[in-house]
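Accompanying notes for the structure given below.
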Amino acid sequence: MAPFKPDPELRRRGIYLLPNAFTTAALFAGFYAVVQAMNDQFEAAAIAIFVAMVLDGMDGRVARLTNTQSAFGEQYDSLSDMISFGVAPALVMYEWALKDLGRWGWLAAFIYVAGAALRLARFNTNIAIVDKRFFQGLPSPAAAALVAGFVWLSVDNKFPVQSDLLVWIAFGLTIYAGTVMVSNAPFYSGKSFALGRSVPFWALLIVVVVFVFISSDPPVVLFGLFVVYGISGWFLLAWRWQRARQLQHERRVAPPTDSE
């Protein structure tokens, strides 16, 4: 009797440790942000969300560099993103300022959470058909940076959270971040930049200058950078719309070609 050979499809599939370790660390940072917000440690909570952003940006690149991509890793990364960049920023903002608005506060926080969930679902379903150079809608880590960055900026500069103006700014920023995630505005993804490609020496100097610039005042600089990124998609969308109108006008006024 011939020996039994198990179907390769039925064999236990292993899980790549390295990229999923980064994803787990990002998930822990998001959970830690929630715990610190519950303990009224809002600066630590905001910083934890930025740490989750860095770790989330590393897991995918590590997987591509080591050729350890997997369907499990993609799904695990999405679930981690939902916690770290969907639930955590909303709860941090709610505990910090929005709860003083009553029902309007938790509704704003829910709009953000729902926007993050819808954005991640759309990203997962459209990943094979969209232009990889641009995100469709604001990516959830950038939206989280807007919310957490505002909290960090306000706490670091000791802005009065009891101020009605500050609370309503937090309300508007939370709703904006939630809705722009499900918009069609294109945001540059940076995926066209290859880490394995050689670059000129001056590119390394630019990286050093950027690090020095951020370290001079991290909450101000990071929040300012993500505000610029958070509105850049609308300018790019307006430019595309204007370009499309210009091309349509050129087609209408172009003289007919001689077919004879």
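The values are calculated or read from the model by the stated rules, or taken from the named source; none is laboratory data. Just so we're clear, the structure is a prediction, and the values are computed from it rather than from any experiment. Quick reminder, even Gly has a Cβ in these numbers, built from the backbone with ideal geometry, and neighbours come from all protein chains shown.
What the table below lists for this structure:
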{"read-out": "Which listed residue is touching a helix residue (DSSP H, G or I) at 6+ places or on another chain (Cβ under 6 Å), buried (at least 16 other Cβ atoms within 10 Å of the Cβ) and assigned to a loop (DSSP other than H, G, I, E, B), from L146, L138", "value": "L138"}
{"read-out": "Residue match in segment 226-243 (condition: over 29 Å from A90 (Cβ atoms) and either basic (K, R) or at pLDDT below 80 (or both))", "value": "yes"}
{"read-out": "Segment 211-235 residues that are more than 19 Å from N157 (Cβ to Cβ), paired with ones that are part of a helix (DSSP H, G or I) and not aliphatic (A, V, I, L, M) (beta carbon under 8 Å, 6 or more apart)", "value": "G230/Y176"}
{"read-out": "Residue among V113, V87, V92, V130 that alone is among the hydrophobic types (A, V, I, L, M, F, W, C) and at pLDDT below 95", "value": "V130"}
{"read-out": "Subset of segment 29-43 [touching a residue at least 12 places away in the same chain (Cβ under 8 Å) and assigned to a helix (DSSP H, G or I)]", "value": "A29, G30, F31, Y32, A33, V34, Q36, A37, M38, F42, E43"}
{"read-out": "One residue from L120, L107, L79 being buried (at least 16 other Cβ atoms within 10 Å of the Cβ) and either among the hydrophobic types (A, V, I, L, M, F, W, C) or within 17 Å of the chain's Cα centre (by Cα) (or both)", "value": "L120"}
{"read-out": "Exclusive hit being of a type in the set (F, W, Y) and under 27 Å from D164 (Cβ atoms), set Y94, Y76", "value": "Y94"}
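Results for (1) part of a loop (DSSP other than H, G, I, E, B); (2) touching a helix residue (DSSP H, G or I) at 6+ places or on another chain (Cβ under 8 Å); (3) within 18 Å of A45 (Cβ to Cβ), shown as yes or no for each residue.
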| position | (1), (2), (3) |
| --- | --- |
| V113 | no, yes, yes |
| A116 | no, yes, yes |
| T125 | no, no, no |
| F171 | no, yes, no |
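Matching residues to (1) in contact with an Asp or Glu (Cβ under 8 Å, 6 or more places away or on another chain); (2) on the phi > 0 side of the Ramachandran plot; (3) modelled with pLDDT of 90 or more; (4) of a type in the set (A, V, I, L, M):
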residue: V167; (1), (2), (3), (4): yes, no, yes, yes
residue: M181; (1), (2), (3), (4): no, no, yes, yes
residue: S189; (1), (2), (3), (4): no, no, no, no
residue: S198; (1), (2), (3), (4): no, no, no, no
